[in-house]
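Accompanying notes for the structure given below.
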Amino acid sequence: MATSQESKLQLIQSRIRAFPDFPKKGILFRDICPIMKDPVALTAVIDLFEEHVVKNHQQVDLIVGLDARGFLFGPLLAQRLGVGFVLVRKKGKLPGATASVAYDLEYGKAEAEIQEDAVAPGQKVVLIDDLLATGGTLYAACELMRKQQAEVLGCMVVIELKELKGSDKVKPHSLFSLVQY
């Protein structure tokens, strides 16, 4: 099993491209597009996420994906687990009554929101996104789940930028990342 996990992680890491100075000078952008283009690599991502959830969480009611790249991985994982998928979007993108949380970004402020009826009190959720940098967006999603009275079992990302310490921001919730830089 470990060998299979290692080979999957190596494949995933080999499909992540680095673009220096994007979107602005001094930033090294980690691009997941090659993972999405390679069905074997994409399957490896979902396999590893599924293994983690099954091993670490007895019951999951919903996978909650963050706008926008959490939408790429979340529905696939939810389908594998036989659970529902819920969207956390940027402000103004969801119809109907919503709950929102404001948060700080590296370059300004933003708001995340969820439809008020998307998560019921007491539901057990796992949050998913593509990348964790400073942790602002994932923190906001955790706060939205608190507002909805959901139980956050953990957070998962494909890529974690360790030096930015985003995992500190989402504590006390656990973080599972496939690739760390």
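Every number in this text was worked out from the coordinates using simple rules, so none of it is lab data. Not measured: the values here are computed from a predicted model. Methodologically, a virtual Cβ is constructed for each residue, glycine included, from the backbone with ideal geometry; neighbour enumeration extends over all protein chains shown.
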(request) Could you list which residues have their amide H under 5 Å from that of Phe29, counting only those 5 or more apart in sequence or on another chain, with H placed in the peptide plane? (result) Phe19, Asp21, Phe22
(message) Just to check I understand the Karplus step: with θ = phi - 60° and J = 6.51 cos²θ - 1.76 cosθ + 1.60, what whole-Hz values come out for region 168-174, glycine and proline as x?
(response) 5, 5, 8, 4, x, 6, 6
(request) Report, in deg cm²/dmol and to the nearest 500, the calculated mean residue ellipticity at 222 nm for the chain, where each DSSP H run with n ≥ 4 adds -39500 (n - 2.57) and the sum is divided by the residue count. (result) -11000 deg cm²/dmol
(request) Mind listing the long-range amide H neighbours of Ser174? Cut-off is under 5 Å, sequence gap 5 or more, other chains count too, H placed in the peptide plane at 1.01 Å from N. (result) Cys155
(request) Would you please give the residues with an amide H less than 5 Å from that of Thr98, counting only those at least 5 places away or on a separate chain, with H modeled from the backbone geometry? (result) Glu116
(request) Could you work out how far apart the two model spin labels at Lys24 and Lys147 are, taking each label as a point 7 Å from the Cα in the direction of the beta carbon, and quote it in nm? (result) 2.7
(request) Tabulate in residue order the Karplus-calculated ³J(HN,Hα) for region 59-67, using 6.51 cos²θ - 1.76 cosθ + 1.60 with θ = phi - 60°, rounded to whole Hz; enter x for Gly and Pro. (result) 9, 10, 9, 8, 9, 10, x, 8, 4
(request) Can you work out the PRE-style zone for Leu105? Point 7 Å along Cα to Cβ, and I want the residues of region 143-181 with backbone N under 14 Å. (result) none
(message) Contact order normalised by length for the chain, with contacts defined as Cα pairs under 8 Å and 6 or more residues apart; what percent is it?
(response) 17
(request) May I ask what percent, to the nearest 5, of DSSP beta bridges between residues of region 2-180 are antiparallel? (result) 40
(message) Within a 10 angstrom radius of the beta carbon, how do Leu178, Leu144 rank from fewest other beta carbons to most?
(response) Leu178, Leu144
(message) I need the fraction of alpha carbon pairs in the chain separated by more than 23 Å, rounded to a whole percent.
(response) 39
